[in-house]
Every structure is written in C-alpha cells, then in structure tokens.
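Values quoted throughout were computed directly from the atomic coordinates according to the rules given, and no laboratory measurement underlies them. Bear in mind that the values here come from a model prediction, so they are computed numbers and not experimental data. Please note: Cβ atoms are built from the backbone with ideal geometry, for glycine as well, and neighbour counts cover all protein chains shown.
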Amino acid sequence: MSRHFILGYGSLISSTSRAKTGETGQVWPVKLKGYERTWSVMSQALGMSSVAVIKASNKACNGVLIEVAEDQFPLFDEREHGYERAQVSRSQLHSYHEDELPEGTYWVYHTKEVVTPCQHYPIVLSYVDVILSGCLEHGDHFLHDFLSLTQGWRAPLVNDRRAPVYPRAQTELSTERFSHLLAPVSTLTLNELAITYDA
C-alpha cells in the first residue's frame, strides 16, 4: 500500500497544531525545491494572512514531510481550504539530516497567486508563534531558515497575543525569544513585539 506525505511549511510544522486536525505519523525536516514561501491573504474569513508557497524556479522553502493516512486527507484538505493540493517529486526534496527519506507520494498545498497582506488582513503574531514553536522542534538552523526563506515580512503585522485572531493559537507558548527573532524582519519594534498586558 502506498504511503502518503504532506509537506507542512507553516503551522503544520508544529506537532501540537497538526494534532488539532488529524492523526499523523513520523516527520522529516526537509527543503522543498521549486517553490517559494510568502505571506499572502488566503482566507478573508480568518481576518489575517497566512504563509503559502507558489511555484518558483531556483527557489526553495523548508518544512516537514508528514506521513498522513489516506483517510485523514479530507481533514487536512478542509484545514487548507483555499489552497490547492499538488504532487511533488522525490527529487525536489532534500533532507536536513543524513536519513534517507521514505518512498511514497508527496503532496504540498500551494497557491497560484499571492495576495499581499494589508491592514485588513495582516500577519498576526498568534499564527507566527505557532509556526516558530514548530520550527524549534527541529532546531535553531531550521527556524532561521524559515525566517530567511519566507518573503513578505514587511507587510502589516499585528500583535494579537492578548486576543488571538488565529483559531489554533497556542496561548501557553513562551514568546520572548520569538519577539527578538522577529525584530529584524518585522514592521514592529521589539517593544511592540514583546509588549505585555496588565492582567
């Protein structure tokens, strides 16, 4: 029986976030060639922007190869509503480690058009925090690659940590380090990124 894998390059990098959608198996940190990750308005209903990948020659993004049983695909297709699911080839994947990648069918959720984030649909920290926490599961190098291999950081960004816009926010995360990491690429100052609220 053929094995199936999804390339998670945003919130699906986080094991906690994946578990909120469906059952998944082992993961492998990888780079995907032939696609570029960028911030884009993918769902106006969410009131925020998300990361998406678009086909781009000589570009790459990092993510995790996630084993997913076929009966779980409807759950992930629903989660990724607004994206298209397409196959990618084994030759497009490069492992972060020496481990041989598994044989199977590989899928990625992508877009054909990037819609630039705006004040009405900004980047929100509650979503970014989930992604960065997932990146840290695979080490500092993986996290820094996420930041450098993602386009569109200079779009409007909102610190919504007090009242998260993102529906799968993880409010228990420690975000002080994330704020420092985002300061060089963000439109917000470090003070605005790290702002705390009175109880």
With the charge dipole of the chain built from beta-carbon charges (+1 for Lys and Arg, -1 for Asp and Glu) about the Cα centre, the Cα from 141, 183, 63 projecting farthest to the positive end belongs to 183
Counting only residues 5 or more apart in sequence or on a different chain, those whose built amide H sits under 5 Å from that of residue 115 are 41
To the nearest 10 degrees, the tilt of helix 125-136 (Cα long axis) against the first principal axis of the alpha carbons of the chain is 50
Counting only DSSP beta bridges with both partners in the chain, the antiparallel fraction in percent, to the nearest 5, comes to 75
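When only DSSP loop residues count, what trypsin sites (Lys or Arg not before Pro) in segment 60-157 have their Cβ near at most 10 other Cβ atoms within 10 Å?
The qualifying sites are 112.
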Any chymotrypsin sites (Phe, Trp or Tyr not before Pro) in segment 133-199 that lie in a DSSP loop and have at most 11 other Cβ atoms within 10 Å would be 197
Length-normalised contact order of the chain, Cα under 8 Å, at least 6 apart, in percent, tallies to 26
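Can you give the % of DSSP beta bridges in segment 1-101 that are antiparallel, to the nearest 5? Walk me through the intermediate numbers first.
Values: 21 of 22 bridges.
Given both bridge residues lie in segment 1-101, the antiparallel proportion sits at roughly 95 percent.
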For segment 6-22, Karplus-derived ³J(HN,Hα) couplings (6.51, -1.76, 1.60; θ = phi - 60°; whole Hz; x for glycine and proline) come out as 10, 8, x, 10, x, 5, 5, 4, 6, 5, 5, 5, 4, 5, 6, 10, x
The aspartates and glutamates whose Cα lies under 19 Å from the Cα of residue 55, excluding any fewer than 8 residues away in the same chain, are 36, 80, 84, 113, 145
For segment 78-86, Karplus-derived ³J(HN,Hα) couplings (6.51, -1.76, 1.60; θ = phi - 60°; whole Hz; x for glycine and proline) come out as 5, 4, 9, 4, x, 9, 9, 9, 9
Cα-based Rg and Dmax for segment 1-70, in Å, come out at 13.2, 40
Output row, site residue 71, 7 Å Cα→C-beta label point, backbone N cut-off 20 Å, window segment 1-41, residues 1-6, 19-26
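Within the chain, which is the longest segment containing none of the GluC sites (Glu not before Pro) that sit in a DSSP loop and have at most 10 other Cβ atoms within 10 Å? Numbers along the way, then the final one.
Numbers: sites that count: 98, 100, 103, 113, 172.
The longest such stretch corresponds to 1-97.
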For the chain, the dipole about the Cα centre with charges only on Cβ (Lys and Arg +1, Asp and Glu -1), to the nearest 20 debye, works out at 540
Counting only residues 5 or more apart in sequence or on a different chain, those whose built amide H sits under 5 Å from that of residue 124 are 49, 158
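With a sphere of radius 12 Å drawn around the Cβ of residue 85, what net charge do the other residues whose Cβ falls strictly inside it have (Lys, Arg +1; Asp, Glu -1)? Intermediate values should be presented prior to the final figure.
On the way: positive: 79; negative: 77, 78, 80, 84.
Every neighbour counted, the sum reads -3.
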Long-range amide H partners of residue 107, meaning residues 5 or more apart or on another chain whose placed amide H is closer than 5 Å, are 5, 6, 7, 88
